[in-house]
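Taking it in order: structure first as structure tokens, then the write-up.
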Amino acid sequence: MASNRKLERDFAYADRSAVTGLLAQLTDEDVMTRIGLEARLEELQQTIASLADEVETPTASAMLFFGGRPVLGSRGIESEFAGSAVTKFQDIVAKMLAHETGGLGQRGIVPNKSAATLHITNIVRGSFGFLLEEIEAQPGLFDTQLKTAVDDATRLLDAFGEPDEEEFRSAVETIDQRLLGTAREFFELMRQNGATLRLVAGDLDRSFGAEAVTRAAERATSTTVEDAEEVLEGQLAGMLPEAHQFEFRTADFGTIRGRVDRALRADQLAQLNKDLVNVDAKAVMRVRRILHDAVVVRESHTLVSLEKTDEAQANPL
């Protein structure tokens with residue numbers, strides 16, 4: 001079973017600091033109290049040392065701490081809110097996993113949703129939260145696909161609350177409308193319930209106060225992602241086969257730079273470099289546009305296929 005070592009270390013360091021502070025306040029008469037606190041300090045030192053030596057597991061885990069109106073300190077949390085929040089986070093992870101493995105369509109059932117299942121394995125105090133973990137994973141040296149999806153979903157949610165607008169736009173450039181829509185539902189739930197959030201996964205530890213929750217909800221509401229397939233005519237300026245990147249010159253839009261679909265192998269791209277550089281060609285592009293309040297703020301291109309124009313084929317050099 002995976003564990004979030006960062007949070008365990010945070011708690012251990014915080015406890016050690018508190019115990020050290022209490023010890024400093026004791027007098028010579030507090031003999032029994034001192035013995036108890038010194039024993040606790042030794043226990044914490046051992047915990048910290050063991051966490052430093054522990055090997056990070058490559059399976060998925062995330063901690064969600066909630067605060068604000070639905071939470072009664074560390075005593076409890078409104079069940080309807082908690083159930084909805086955890087369900088929407090799970091839905092974001094499932095869609096991220098499907099998106100990253102190429103199976104998320106524009107509508108319909110999220111494919112292989114069971115592979116994205118996280119389990120609540122612990123209730124976490126300190127505000128009130130939940131530890132979600134991947135349980136049925138095969139042991140190995142590399143991160144599981146679900147761990148990658150959880151970490152990427154966490155970074156995406158982090159970007160919604162990020163004050164820097166450009167960082168937010170860069171983050172949403174790689175997602176689709178379904179993921180965006182579920183993130184909108186998640187943050188709207190937080191805002192409508194007056195909730196705050198601390199989200200910890202992988203190396204990221206992000207707190208969303210009331211201002212960040214409002215900013216995230218407004219961004220998710222005012223942002224849309226549009227995907228279209230377009231055919232452009234121009235000339236290939238060049239490919240970077242291993243990096244899967246291209247440059248394509250057009251008369252109407254200038255030079256377009258972007259990624260090449262991974263379905264095209266590096267050796268195929270090298271051949272296109274030989275055959276089509278500076279030759280009139282037509283390119284099929286997947287074009288993704290990020291719109292904020294219906295205005296395009298970011299556009300990216302993915303090259304799907306490339307071939308000579310009919311004229312170029314009829315008049316070879």
* To do: Among what's in the range 185-204 and is among the acidic types (Asp, Glu) and within 27 Å of THR59 (Cα to Cα), pick the residue that is modelled with the lowest pLDDT.
  => ASP203
* Condition met for GLN45 (at pLDDT 90 or above, outside any loop (DSSP other than H, G, I, E, B) and in contact with a helix residue (DSSP H, G or I) (Cβ under 8 Å, 6 or more places away or on another chain)) -> no
* Just one of the numbered conditions (1) aliphatic (A, V, I, L, M); (2) under 25 Å from the mean Cα position of the chain (by Cα); (3) surrounded by 13 or more Cβ atoms within 10 Å (Cβ to Cβ) is not true of ALA263; which one? -> (3)
* Structure fact -> Over the range 206-217, the set of residues of a type in the set (D, E, K, R) and not in a helix (DSSP H, G or I) is ARG206
* Structure fact -> Within the range 144-187, residues touching a Leu at 6+ places or on another chain (Cβ under 8 Å) and outside any helix (DSSP H, G or I) come out as ILE175, ASP176
* Of all the residues that make up the range 228-242, how many are within 23 Å of ASP176 (Cβ to Cβ) and under 26 Å from the mean Cα position of the chain (by Cα)? -> 2
* For residues in the range 8-40 being at pLDDT 80 or above and of a type in the set (Asp, Glu), which is nearest to SER50 (Cα to Cα)? -> GLU38
* Can you name the residue in the range 266-288 that is in a strand (DSSP E or B) and touching a helix residue (DSSP H, G or I) at 6+ places or on another chain (Cβ under 8 Å) and, of all such residues, is surrounded by the fewest Cβ atoms within 10 Å (Cβ to Cβ)? -> ASP280
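Matching residues to (1) within 17 Å of GLY238 (Cα to Cα); (2) without any contact (Cβ under 8 Å) to a residue 40 or more places away in the chain; (3) touching a Lys or Arg at 6+ places or on another chain (Cβ under 7 Å):
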position	(1), (2), (3)
GLN271	yes, yes, no
ASP275	yes, yes, no
ARG288	no, no, no
ASP293	no, no, no
VAL297	no, no, yes
ASP310	no, yes, no
* Asked: Considering only the range 218-233, how many residues are under 29 Å from ALA60 (Cα atoms), touching a residue at least 40 places away in the same chain (Cβ under 8 Å) and not in a strand (DSSP E or B)?
  -> 2
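The values are calculated or read from the model by the stated rules, or taken from the named source; none is laboratory data. Because the structure is a prediction, the values reported are computed rather than measured. In this analysis, Cβ positions are derived from the backbone assuming ideal geometry, glycine residues included, and neighbour counts consider all displayed protein chains.
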